[in-house]
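Inspection log for the structure reproduced underneath, given as structure tokens.
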Amino acid sequence: MEITKQEFKHCDLIAVKGRVDSFTASQLAEAFEASHKNNQFKIVLDMQDLNYMSSAGFRALLVAQRTCKRYNRGEVILSSVPKQIKESFELTGFTPLFKFFDNTTEAVGSF
Amino acid sequence: MIGGLALYLTMSVMRTAIFSAKFEYLDEMREFAGQAAQDAGLSVEQVYAVKLAVDEACTNIIEHAYGVEIGGDIECTCMADRTCIKIILRDHGKQFDPTLAPDPDLTLELENRPIGGLGVFLMKTLMDEIHYEALGESGNLLTMVKCRGKAK
């Protein structure tokens, strides 16, 4: 799994590639935490190259979203979620918790 | 009229592998089960579902039956015939029945969503059948089935 980050003026763009499971999910959590430490709570997560995500990944997303939305200081927005993973969002009831965009340009622009 | 002779040819394949119960091997566990599901003719979505269910089940074995620091072995047997795949996970850890976990409330708003319980819920939802059996002195046996014909 690979995580890259781009810092924009209005938000951070984090791209996650590969597979998120109990072995790799902590890296995703750390990426969010690094943004938070930098006082950045507006985050776009680009999931275009994400092949797989287990409940460990969903947990990391839940924690990050709670932190970002607290005190109305921001949120995590998801872009380019693959079909299979979008279905997992449906199954876990996570869809209502996030905004979804088809591409990162729109997602970043929405902040 | 010549009577017909119906010949049923049943082919089933069984594969077993033993994995060290560590998160770093989840990928291999998923690949093993996923390959068996693919060979059994399950669809792309169903193969993903099998991988996810096996991942969640093995994660629970690592966390609850053994303990993340302690480890142990997980024996995975995949049995496939022309309609279904059956996956049997066996460990030698503390007795832990994942089917007893209550379903998380998925209607709660963000702040009140439970952090735990998602994994077992996914496992139960993605597979057609799940059975748990406590084994003798120590250990657990978890059987999961997924069949081609169903919509899931």
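Residue count for region A:13-49 satisfying the condition of being under 21 Å from A:Y71 (Cα atoms) and of a type in the set (S, T, Y): 1.
The condition of being farther than 14 Å from A:L50 by Cα, charged (D, E, K, R) and free of Cβ contacts under 8 Å to residues at least 12 places away in the same chain does not hold for A:R73. Just give me the residues in region B:11-56 being touching a Phe, Trp or Tyr at 6+ places or on another chain (Cβ under 7 Å) and open to solvent by less than 10 Å² (accessible area, probe 1.4 Å), in sequence order. B:A21, B:L26, B:M29, listed by residue number.
Scan region A:92-102 and give yes if some residue there is more than 13 Å from the chain's Cα centre (by Cα) and surrounded by fewer than 16 Cβ atoms within 10 Å (Cβ to Cβ), otherwise no. Within region A:92-102, one or more residues are more than 13 Å from the chain's Cα centre (by Cα) and surrounded by fewer than 16 Cβ atoms within 10 Å (Cβ to Cβ). Residues in region B:107-124 that are open to solvent by 40 Å² or more (accessible area, probe 1.4 Å) and either of a type in the set (A, V, I, L, M) or without any contact (Cβ under 8 Å) to a residue 24 or more places away in the chain (or both): B:T107, B:L108, B:E109, B:E111, B:N112, B:P114, B:I115, B:G116. Filtering region B:61-72 to residues that are open to solvent by 10 Å² or more (accessible area, probe 1.4 Å) and either in contact with a Phe, Trp or Tyr (Cβ under 7 Å, 6 or more places away or on another chain) or of a type in the set (K, R) (or both) leaves B:H64, B:G72. The number of residues in region B:29-70 that are within 11 Å of chain A (Cβ to nearest Cβ), among the acidic types (D, E) and more than 11 Å from the chain's Cα centre (by Cα) comes to 3. Of the residues making up region A:61-111, those that are closer than 13 Å to B:R113 by Cβ, more than 9 Å from every other protein chain (Cβ to nearest Cβ) and of a type in the set (S, T, N, Q) number 1. Only residues that are open to solvent by less than 20 Å² (accessible area, probe 1.4 Å), assigned to a strand (DSSP E or B) and more than 28 Å from B:D27 (Cα to Cα) were counted in region A:6-26, giving 1.
Here A:S35 qualifies as more than 14 Å from chain B (Cβ to nearest Cβ) and in a helix (DSSP H, G or I).
The values are calculated or read from the model by the stated rules, or taken from the named source; none is laboratory data. Being a predicted model, the structure only gives us computed values, none of them experimental. For neighbour counting, all protein chains shown are included, and Cβ atoms are generated from backbone atoms with ideal geometry for every residue, glycine included. Side chains included, ligands, DNA and RNA excluded: accessible areas come from the protein's heavy atoms. Shrake-Rupley method; radii C 1.70, N 1.55, O 1.52, S 1.80 Å.
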